[in-house]
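Take a look at the structure set out below.
Every read-out reported here was derived from the displayed coordinates using simple, explicitly stated rules and does not represent laboratory data. This is a predicted model, so every value here is computed, not measured. Positions of Cβ are generated from backbone atoms using ideal geometry, with glycine treated the same way; all protein chains shown enter the neighbour counts.
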Amino acid sequence: MIPRLRPQLTLCDLVAAFAGRNSVEEFETVFAETMQQAHAVAFPYGRTAQLLLLEAMGLKDREIILPAYTCVVVAHAIVLSGNRPVFIDSEPGGFNMDLDLAEAAVTERTAAIMATSIHGYPVDLDRLDAIREKHPHVAILQDCAHSFAAEWQGRPVQKAGLAAIFGLNVSKLMTSIFGGMITTDDNELAARLREIRSRHLMREGGRNLGRAVYLTAAAAALSPPVFGMVKRISEMGLIDRFIRYYDESLIDMPKDYLSQIGRAEASVGVRQSRRYRVNIQRRRDLAAYYDASLGDMMPNALPPLIDGATYSHYVLRVDDPETYCSEALRRGVELGRLIDYCVPDMPSYRELARGQGPFPETHRLNRTVLNLPIWGDKAKADRVIGVVKDIARSRLVHHSSAYTKDH
Ligand SMILES: *Cc1c(COP(=O)(O)O)cnc(C)c1O
């Protein structure tokens, strides 16, 4: 069974989780260098990082603009910081928030725009520059949990704004087991973040061993021979922790969201940061290979090729992604639908988002996005490609026979 997600962990990473001695400060230094930023400040989760960033900026009762098509925890952090989320529909034909709609939503209460490079496709930095020029009171924050160091025409997205937020759990482009990071070139903001962090976060020695064991379990569970079995176990809820890590009906945080990472997470993070460039290049090569192999048969399903994308999730757009998922699973390949929801439509947000929208492009993404595994070698990719083509072919046959029958 080929799982959709597989963290790129080496044996050394796993050993480091148990025996590594890197400090959180060392991890921050290496991460800041990797992202070419002056400062990196570590947190227990990306959402904790975002929550405390909004506090460090002194924001309360303000409006924060964010995509409707994004990870729901981004909205949670905004609400729990005492601010109001303003959701924006996706751009036609792409995955990112429509920046014309974002600009139109700016009011005098707007404090920030959470620019997000969904699935690793870089957000349009030229358009963001123009918005910043016209509305200097609005801070640009980069949510880099999908993109990490994606580039818009050669400019790294994480550097284009006041600060960037990263999530580092095992489903991301690189991992420190759990954890989150903020990078910034602003000395004052970095100092304020460190001060707020020392006030809010607890250091718990006990977190290290638990996290190391968790990483080993995750690495084992997501390796192909074991994954088939795990997939069955998952129906019993045992691996929910890294597949579904929020509750649809609640706006809340994990109970350890204020417990700071320790040396286990830092040691893995240091090693993963050092391999970041190599791993991203591999993903880009694999994405190009998928494009070349699937282009003939499914030209309309391919996302636009964008230089500088980092492909946190390789995307196809098809009419019936659920069918692809279930058919592929029967053939030993796990496909997925990373974001199959529109945040303002979720029960916990309906009231808060009343009067916002509509979100037709986000709904279209919800109906059509299919995520392929993007790890491993060409042989694995060939298996995935074979399965996807097979399903596409049988659907073509199915549709054309239905057509002749009806007419
Ligand atoms: C994963 C993710 C985050 C932060 O995730 P945490 O689980 O809190 O570390 C933020 N934004 C997006 C778009 C994400 O996918």
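Once you have a ≥ b ≥ c as the square roots of the Cα gyration tensor eigenvalues for the chain, tell me rounded if a/c is under 1.5, and otherwise prolate or oblate according to whether a/b is larger than b/c. Walk me through the intermediate numbers first.
Working: a/c = 1.67, a/b = 1.20, b/c = 1.39.
Note, shape of the chain comes out oblate.
For every other residue with a beta carbon closer than 11 angstrom to the beta carbon of L258, add +1 if it is Lys or Arg and -1 if Asp or Glu, then tell me the sum.
Net charge in that neighbourhood comes out at +2.
Can you sort T110, T368 from fewest to most other Cβ atoms within 10 Å of each residue's own Cβ?
Details: T110 20, T368 16.
Listed from fewest to most nearby Cβ atoms, that is T368, T110.
Please list 3J(HN,Hα) in residue order for segment 172-185, calculated via the Karplus relation 6.51 cos²θ - 1.76 cosθ + 1.60 where θ = phi - 60°; whole Hz, with x for glycine and proline.
These are the phi-based 3J(HN,Hα) values: 8, 4, 9, 9, 10, 6, 10, x, x, 8, 10, 10, 7, 9 Hz.
Translational D (Stokes-Einstein, µm²/s) of segment 5-67 at 37 °C and 0.692 mPa s when Rh comes from the Kirkwood sum over C-alpha pairs?
Details: Rh = 14.6 Å.
Estimated via Stokes-Einstein, D reaches 225 µm²/s.
Using Cα-Cα distances under 8 Å and only pairs 6 or more residues apart, what relative contact order does segment 11-200 have, in percent?
On the way: 363 pairs, mean separation 46.4, N = 190.
That works out to 24 percent.
Please give the contour-minus-distance gain from D345 to E25: 0.36 nm per residue of separation, less the Cα-Cα distance, rounded to one decimal in nm. Display every interim value, and only then the final one.
Details: separation 320, 0.36 × 320 = 115.20 nm, distance 4.00 nm.
Full extension from D345 to E25 adds 111.2 nm.
Between V226 and R199, with labels modelled 7 Å along Cα→Cβ, what's the label distance in nm to one decimal, could you check?
4.2
So how do Y341, Y289, Y311 line up by other beta-carbon neighbours within 10 Å, fewest first?
Values: Y341 17, Y289 14, Y311 26.
If I rank by nearby Cβ atoms, fewest first, I get Y289, Y341, Y311.
Before rounding to the nearest 500, sum -39500 (n - 2.57) across all DSSP H runs of length at least 4 in the chain and divide by the residue total; then give [θ] at 222 nm in deg cm²/dmol. Could you put the intermediate results ahead of the total?
Values: 15 runs with 179 residues, N = 407.
After summing the helix terms and dividing by residue count, I get -13500 deg cm²/dmol.
For segment 378-395, what does the Karplus curve 6.51 cos²θ - 1.76 cosθ + 1.60, with θ = phi - 60°, yield as ³J(HN,Hα) per residue in whole Hz, taken in order and with x for Gly and Pro?
4, 4, 5, 4, 4, 5, 4, 4, x, 5, 5, 5, 4, 5, 4, 5, 5, 6
To the nearest 0.05, what FRET efficiency results for R84 and R274 with a Förster distance of 45 Å applied to their C-beta separation?
Working: r = 40 Å, r/R0 = 0.89.
It comes to 0.65.
Sort L316, L329 by Cβ crowding within 10 Å, fewest neighbours at the top. Please report the intermediate quantities before stating the final value.
Numbers: L316 21, L329 15.
The most exposed by this proxy come first: L329, L316.
Please identify every one of the chymotrypsin sites (Phe, Trp or Tyr not before Pro) in segment 75-149 that sits in a loop by DSSP and has no more than 12 other beta carbons within 10 Å of its own beta carbon. Intermediate values should be presented prior to the final figure.
On the way: sites: F87, F95, F148; in loops: F95, F148.
Those that pass, being in a loop and sparsely packed, number zero.
At q = 0.08, 0.13, 0.15, 0.20 Å⁻¹, what is the log10 ratio I(q)/I(0) for segment 11-200, with the Debye formula run over Cα points and no solvent?
-0.24, -0.63, -0.85, -1.52
Looking at the chain as a GNM with Cα springs under 10 Å, which of G167, G82, G93 has the largest mean-square fluctuation?
With Cα springs under 10 Å in the chain, the top fluctuation among G167, G82, G93 is at G93.
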